[in-house]
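The values are calculated or read from the model by the stated rules, or taken from the named source; none is laboratory data. Only a predicted model underlies this, so the values are computations on that prediction, with no experimental measurement involved. Heads up, the Cβs are rebuilt from the backbone with ideal geometry, glycines too, and the neighbour counts pull from every protein chain shown. When the accessible area is computed, the model is the full protein with side chains, heavy atoms only, and any ligands, DNA or RNA have been set aside. Shrake-Rupley method; radii C 1.70, N 1.55, O 1.52, S 1.80 Å.
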Amino acid sequence: MGAVPLVAAAVCPHPPLIVPEVAQRAAPELDALRAAADAAVVRLLAAEPDTVLIVGAAPRTHRFAPDDAGDLRAYGVAVEAGLGAATRGGPHVLPLSLTIGAWLLARAGTGVPRFAQGVAADASPPECARLAARLAAEFTAAPARRVALLVTGDGSACRGERSPGHDDPRAEAYDRHVAAALAAADTRALLDLDPALSAALRAAGRPPWQVLAAAVEAAGGDWRGELSYDAAPYGVAYFVANWEPRR
């Protein structure tokens, strides 16, 4: 499967508060996360992809249109982010995960074409693997030969009494497992994440991480990972990582 043209991947979280207009006075609290995510996207683009595919959790597994967009009006701000050169005038359909991915790419100022793939929040590991296989076949057949993945997803939301999901003693061990897997580009460790436990801990990143893992396995070769951010500032685990093939 070495013909799959995957050249790099970046993992970023998708909290609305990463957008300064949403965070407002609290924006400095996530400056380190914002800087890490910006750096990860710049590093992703340094691989010179012909296409960036954003992968994130969604209500259903769905490929969005090239000119689709999303917004953060639900969080009280008129911030928009889209896949095309300009956001369209119609309804904004991208879920939060893909909207934040598009926003991060816009911050990088790239003109590289981008697409967005939503993954159902309840997709099983085999379903994630099948989706990765379909994506691999699609991009292998496409004229663009260099594809990068921007994978958005949060870890557990159960780290402490003030967390959105309330404190769960299983959350820290779960997040340590994910952090170690992202740092080592350990595809098996991500594919082995339990959907039921992930759902109980409200870990939105589980399905897109498993698509990433299966896509890298399909691409073949020896990959290395680097984890640049690992913290749970609001009781939600946020990770930033880059995966690249070893030269």
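Of the numbered criteria (1) surrounded by fewer than 19 Cβ atoms within 10 Å (Cβ to Cβ); (2) among the basic types (Lys, Arg); (3) in contact with an Asp or Glu (Cβ under 8 Å, 6 or more places away or on another chain); (4) farther than 18 Å from ALA10 by Cβ, the one ARG246 fails is (4).
Can you tell me which residue in the range 21-41 is nearest to GLY70 (Cα to Cα), limited to those that are more than 19 Å from the chain's Cα centre (by Cα) and open to solvent by 40 Å² or more (accessible area, probe 1.4 Å)?
Just the residues of the range 21-41 that are more than 19 Å from the chain's Cα centre (by Cα), to begin with: 21-29.
Still in the list and also open to solvent by 40 Å² or more (accessible area, probe 1.4 Å): 21, 24-25, 28-29.
Working: GLU21: 15, GLN24: 20, ARG25: 24, PRO28: 24, GLU29: 25 Å.
The qualifying residue nearest to GLY70 (Cα to Cα) is GLU21.
The set of residues from the range 67-83 being under 11 Å from GLY101 (Cα atoms) and not in a strand (DSSP E or B) comprises just one member, LEU83. Can PRO113 be described as open to solvent by 30 Å² or more (accessible area, probe 1.4 Å), modelled with pLDDT of 95 or more and either over 16 Å from the mean Cα position of the chain (by Cα) or of a type in the set (Lys, Arg) (or both)? When the stated conditions are applied, PRO113 does not pass them.
Listed conditions (1) part of a helix (DSSP H, G or I); (2) over 17 Å from the mean Cα position of the chain (by Cα); (3) closer than 17 Å to LEU150 by Cα are all met by GLY101, apart from (2).
Can you tell me which residue among LEU182, LEU135, LEU149 is in a strand (DSSP E or B) and of a type in the set (A, V, I, L, M)? Working first, answer last.
On the way: LEU182 fails: in a strand (DSSP E or B); LEU135 fails: in a strand (DSSP E or B).
Testing whether each residue is in a strand (DSSP E or B) and of a type in the set (A, V, I, L, M) leaves just LEU149.
Listed by first and then second residue, the pairs linking a residue in the range 92-107 that is in contact (Cβ under 8 Å) with a residue 24 or more places away in the chain to a residue that is of a type in the set (Asp, Glu) and in a helix (DSSP H, G or I), with Cβ atoms under 9 Å apart and 6 or more places separating them unless they lie on different chains, are LEU104/ASP38; ARG107/ASP38. Is it true that PRO126 is in a helix (DSSP H, G or I), buried (at least 18 other Cβ atoms within 10 Å of the Cβ) and not basic (Lys, Arg)? No.
Can you work out which of the residues in the range 67-79 that are of a type in the set (D, E, K, R) and over 13 Å from VAL22 (Cβ atoms) is farthest from the chain's Cα centre (by Cα)? Before the answer, list the steps.
Taking the range 67-79 and keeping what is of a type in the set (D, E, K, R), we get 67-68, 71, 73.
Adding the requirement that they be over 13 Å from VAL22 (Cβ atoms) leaves 67-68.
Working: ASP67: 19, ASP68: 17 Å.
So the residue we want is ASP67.
Reported count of residues in the range 194-215, each being open to solvent by less than 10 Å² (accessible area, probe 1.4 Å), touching a Phe, Trp or Tyr at 6+ places or on another chain (Cβ under 8 Å) and of a type outside the set (Gly, Ala, Ser), is 2.
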